[in-house]
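Working notes for the structure below.
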Amino acid sequence: MPMTILLAFISGFCAGNGLPYFMAGSTGDGRNPAPFGDSAVVNVVVGWVMFVVAGVCWHFAGVSAHPLPGYAAAAAGVLAVGLVHARLWRNNPWPWRRTAIQADD
């Protein structure tokens, strides 16, 4: 069961992390603080990679054997990444690069 909880948490975290990147990139917004550059394409790719990681982790989590802890851990992962984004989203969490937002300031 600990592996189910860990993998479900990682799955929720990655899915919650990928959604804002994917949505922003899909709508043509490239100003999100992505680790590899500021463009819509980079945001789509980062979001897609996070979705793939989330899916792989969910597949191996074995949530069907422990549904309550699995779904609770996934929900906690989504909450955790949401709180991280709420705190850091516009504060450039990537110190090695300047974003377009900072360059305008």
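The values are calculated or read from the model by the stated rules, or taken from the named source; none is laboratory data. These numbers were taken from a predicted model, which means no experiment stands behind them. Cβ placement follows ideal geometry from the backbone for every residue including glycine, while neighbour counts extend to all protein chains displayed.
Observations
- Residue in region 7-27 that is at pLDDT 95 or above and among the polar types (S, T, N, Q) present: yes
- Number of positions in region 6-39 that are surrounded by fewer than 18 Cβ atoms within 10 Å (Cβ to Cβ) and in a helix (DSSP H, G or I): 3
- Considering (1) more than 22 Å from Leu88 (Cβ to Cβ); (2) in a helix (DSSP H, G or I); (3) of a type in the set (Ser, Thr, Tyr), the lone condition that Ser64 does not fulfil carries the number (2).
- The set of residues in region 56-91 that are closer than 13 Å to Phe13 by Cβ and of a type in the set (Phe, Trp, Tyr) contains only Trp58.
- Among (1) touching a Leu at 6+ places or on another chain (Cβ under 6 Å); (2) surrounded by fewer than 22 Cβ atoms within 10 Å (Cβ to Cβ) - the single one Ala61 does not satisfy: (2)
- Any chance Met3 is in a helix (DSSP H, G or I), in contact (Cβ under 8 Å) with a residue 40 or more places away in the chain and surrounded by fewer than 18 Cβ atoms within 10 Å (Cβ to Cβ): yes
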